[in-house]
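Here, each number is a calculation from the coordinates, and none is a lab measurement. Just so we're clear, the structure is a prediction, and the values are computed from it rather than from any experiment. Neighbour counts run over all protein chains shown; Cβ positions are idealised from the backbone, glycine included.
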Amino acid sequence: MSHPLSAIPASQRGILFLALLFLTSILLAVFQALNSPLRTLSAPLGILSLQFAATPERAFQILVEWQRSCIDCAPIQAYEGYLYAAFGLGLDYLFLVSYALTFSLGILLAAARRSGRWNRPAAVMGWLPFVAAFLDATENAALFRILLGAYSSPWPQLATACAEVKFSLLALGLGFALVAWLWPRAS
């Protein structure tokens, strides 16, 4: 098994990583702005609270808070929270490609600083961000279903399971990259 990005010439990996890291950082900043209106008592983490709702009751509670109760507002304003969430979920499809490439390339760069015995684990770890991205896409589909009113089983459970595994895989990949990057070199 080889690393999924091993075909990228070594001379171009650093600059490509920096460009991807910049794009990923910009998208994270946009998500922060989109997530701010979604922070409520039931959803203190905004969209992340919905990702980890896990039960239909909790998902419903979050959706109710996102639907503003206003008597004299236009119908579109009543669903402003839903619009922020839906736009963020759509944008997340670009983000998941960006972060998967960034994480995977970061793992490749970190492992390249080490001896050949790091190559095999790096190849395996290099695939984890892509598995996480697939889970993220599945999670997004479940969250769209919830936003459209299907907050009953299995959608909240599916979104939570995908989010838990996704974040675990990304943490594992990041941990590997940090160890590979920071591990003292043998003399």
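Taking Cα pairs under 8 Å and at least six residues apart, what relative contact order does the stretch 110-187 come out at, in percent? Show your work: numbers first, answer last.
On the way: 62 pairs, mean separation 33.8, N = 78.
For the stretch 110-187, the relative contact order is 43 percent.
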statement: In nanometres, the difference between 0.36 nm per residue of separation and the alpha-carbon distance of Ala7 and Ala171 is 56.6 nm
field: Those trypsin sites (Lys or Arg not before Pro) in the stretch 87-187 that DSSP places in a loop and that have at most 11 other beta carbons within 10 Å
entry: Arg185
field: Share of alpha-carbon pairs per 5 Å distance bin for the chain, given as whole %
entry: 1, 8, 15, 17, 16, 12, 10, 8, 6, 4, 2, 1, 0, 0, 0
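So, counting K/R as plus one and D/E as minus one, what does the shell of residues with Cβ under 14 Å around Ala123 add up to? Please report the intermediate quantities before stating the final value.
On the way: positive: Arg114, Arg117, Arg120; negative: none.
Combined, the nearby Lys, Arg, Asp and Glu give +3.
Starting from 0.36 nm per residue, how many nanometres of slack lie between Leu91 and Asn119 once their C-alpha separation is accounted for? Could the numbers behind the result be given before it?
On the way: separation 28, 0.36 × 28 = 10.08 nm, distance 3.32 nm.
Stretched fully, the Leu91-Asn119 segment lengthens by 6.8 nm.
By how many nm would the segment from Ser153 to Leu28 grow when fully extended, if each residue of separation counts as 0.36 nm and the alpha-carbon distance is taken off?
On the way: separation 125, 0.36 × 125 = 45.00 nm, distance 2.97 nm.
Here the answer is 42.0 nm.
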At R0 = 41 Å, FRET efficiency that the Cβ-Cβ distance of Tyr79 and Ala19 yields, to 0.05: 0.65
statement: In degrees rounded to 10, the 0-90 angle between helix 80-112 Cα long axis and the longest Cα principal axis of the chain is 10 degrees
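Sorted by packing (mean other beta-carbon atoms within 10 Å per residue), highest first, where do 99-112, 4-17, 79-92, 50-63 land? Display every interim value, and only then the final one.
Working: 99-112: 23.3, 4-17: 12.8, 79-92: 17.6, 50-63: 19.7.
For the peptides 99-112, 4-17, 79-92, 50-63, the packing ranking is 99-112, 50-63, 79-92, 4-17.
Can you give the helix-only mean residue ellipticity at 222 nm for the chain, where every DSSP H stretch with n ≥ 4 adds -39500 (n - 2.57) and the sum goes over all residues, rounded to the nearest 500 deg cm²/dmol? Provide the component values of the computation, followed by the final result.
On the way: 7 runs with 136 residues, N = 187.
Result for the chain, helices only: -25000 deg cm²/dmol.
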